[in-house]
Amino acid sequence: MKLSAYYAPTLKEDPAEADVVSHKLLTRAGMIRKLTSGIYTFLPLGLRALNKAAKIVREEMDRAGALEILMPAVQPADLWRETGRWEVYGKELLRFKDRHDRDYCLGPTHEEVVTDLLRGEIKSYRQLPLNVYQIQTKFRDEIRPRFGLMRGREFVMKDGYSFDKDEDGANAAYQAMYAAYGRIFTRLGLEFRAVEADSGAIGGSFSHEFMVLAETGEDTIAACPKCSYGANLEKAQVMCALPMASGDAGKVEEVATPGVKTIAEVAAFLNVGPEEIFKTLLFIADGKRVAALVRGDRDINEVKLKNFLGASELALAAPEEVEAATGAPAGFAGPVGLGVDTIYADQELCAGLEWICGANKADTHLRRVNLKRDVGLTGFADLRSVAEGDRCPGCGEQLTLRRGIEVGHVFKLGTKYSESMKALFLDETGVERPMIMGCYGIGVSRIVAAAVEQNHDENGILWPPSIAPFEAVVVDLSGKDEAAKAKAAEIYEMLKTLDVETVLDDRDERPGSKFKDADLMGFPLQLVVGGKGLSRGVVEAKDRRTGVKSELPVEGFAAAFEAWRDTVRKGWE
RNA sequence: CGGGGCGUAGCGCAGCCUGGCAGCGCACCUGCCUUGGGAGCAGGGGGUCGCUGGUUCAAAUCCAGUCGCCCCGACCA
């Protein structure tokens, strides 16, 4: 492809609206343009990167035995009413009516459609298992789209669904997809981690997220540097082997703490560490008040609490609610004499003999509170989030916290949809059963953004060769030197015959602009053809990732190029 | 949903407070010159100042409404 006849409008300045580096660079490099909030057009270069990512996803899905289909983006409301999600899904589901006043939505996911597709056809265990997927544009009306392609409203997603006759089959399908995902992200050249994820109401450990590691990730994950353990912070288990405190605690005593509300303030005021205090958090779980106690230096994990309680709705109580329950303004809640039936303490509180906490009385805290003696505890549980330095549940090593971009999610669904939508088959014994489902998503357009987040420098993008829009750029610096121009064209043609996807920068631009654009667009291999090199019989080559420059002889160029390319590719592995 | 900010040429911005010719840089067009890390000179084209209404002799500027975009927050005692 010749850049002189291409469309890749680059920008010298960062777009004002962009906040994260992938958004800035993809826009500046002429790869995407925003149409409206959270909705983007892919320009030729951006589309090439997107298509390359999709191709790898497709190849590995096919290899794993999944069958590609393409379902409609527009879905009728009736299907969603069958599973109850029309009412439950909320405002993320973009709804509209057709001319006959019938309800429709733009598909944010396709469980209903795919289940409907198969329920009429699959009637026998002999027709199972089945695994279908599609790569398609999805729409989710996010509360607040942000970060460019990372959290858009319209995005390209690979969504796959497996159907099995029994648990063993469903588990095998899950494992097959897990393995395929590993291959996909490895081939994409991304540094990633598969982590255990919260599986919500369905339970079990059958949910993994695939996270691309990047500082700007929206999720926090706990990863073990030694073994393969990794988990989303929402889910990561806290290892606690602390013994129950024994001995006699001193007498409970009130302390006046006027206007001292936060843990930091209490710690400073009483001159103690935050780990000697616990906080009392009031929640409303399915309409009932629940109190949770965690150490002052810890963070409550609402997902853990919700799962532990088996609640379907959980929210922190509003300040008025706190006042009603404790009889004191927010900031002074405590479990002693608290008018709440259910009080759980984080497991590590068992090790403390005497605690400081709120007194349920304005401007007052309590000292020397003993949980066993003074509090009507319902029990202990793992309620806090993992923190830096906690031990790995797998091997005992200290965990590190890292940021990740969720690019894939594998999930065992069970029979939630097959039951409500009557996707039933007859098993070997003639018994009618619902199919066991799994669903598997990959954010294809998000992969493009994640790749840039993970691979860039101050000059632009560093595309992994696997998804670079073109692998090589030939920068033609010939100017008016016709012989040099011919040489640049010749090199370009030669690369094409070597099956290297190449772009020739033959634009009538000054050298500086061409170098800047080549760096910005991030092609892994840069070849500079100009009078300076040609006079010495060489083409200059730059590895975009490392910046290392080499010289390739014009005589015997093909062999020298291939050797150089292989070393650059190796550097990416 | 709550709070904040911003809408002026393709992009980035100034002008608005204190009403009076619509500007700057980049990009674009023409010419000269230049050609190895976003050159220089000269000339030029391009904007219903988001939209609607109001105040005024006069509105980008003041007022009201409305639409759009961006950021933060949505309760950690």
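What follows is calculated from the coordinates using simple rules that are stated; it is not laboratory data. If you're wondering where the values come from, they're calculated on a predicted model, not measured in any experiment. All Cβ positions, even for glycine, are placed from backbone atoms using ideal geometry, and neighbour counts span all protein chains on display.
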Check: Using a simple spin-label model with points 7 Å from Cα along the Cα→Cβ vector, what separation in nm is obtained for A:E313 and A:V431?
Finding: 3.7
Check: How high is the relative contact order of chain A, in percent, with contacts defined as C-alpha pairs under 8 Å that are six or more residues apart?
Finding: 17
Item checked: Relative contact order for the stretch A:411-502, counting Cα pairs under 8 Å that sit 6 or more residues apart, in percent -> 17
Next item on the list: Using packing as a proxy for protection, rank A:550-558, A:88-96, A:59-67, A:210-218 so that the peptide with the highest average count of other Cβ atoms within 10 Å comes first.
Entry: A:210-218, A:59-67, A:550-558, A:88-96
Margin query: So if I take the centroid of the Cα atoms in the stretch A:263-338 and the same for the stretch A:82-122, what is the distance between those two points in Å?
Written below: 39
Check: Which one of A:L366, A:F139, A:A559 is farthest out on the positive end of the charge dipole of chain A, using unit charges on Cβ (Lys, Arg +1; Asp, Glu -1) and the Cα centre as origin?
Finding: A:A559
Notebook entry, point to check: In what sequence, highest mean first, do A:400-407, A:494-501 appear when ranked by Cβ atoms within 10 angstrom?
Noted result: A:400-407, A:494-501
Notebook entry, point to check: At a Förster radius of 56 Å, what calculated FRET efficiency corresponds to the Cβ-Cβ distance of A:L70 and A:D248, to the nearest 0.05?
Noted result: 0.20
Margin query: Give me the extension gain from A:L117 to A:E92: residue separation times 0.36 nm, minus the current Cα-Cα distance, reported in nm with one decimal.
Written below: 6.6 nm
Notebook entry, point to check: Based on the mean of other beta carbon atoms within 10 Å per residue, what is the order of A:75-86, A:298-309, A:249-260, most packed first?
Noted result: A:298-309, A:75-86, A:249-260
Check: Hey, what number do you get for chain A at 222 nm if only DSSP H runs of n ≥ 4 count, each worth -39500 (n - 2.57), divided across all residues, to the nearest 500?
Finding: -8000 deg cm²/dmol
Checklist line | Rg in Å to one decimal, and Dmax rounded to a whole Å, for chain A via C-alpha atoms | finding: 29.3, 95
Notebook entry, point to check: Which whole-number percent is the relative contact order of the stretch A:470-571 (Cα, under 8 Å, 6+ apart)?
Noted result: 28
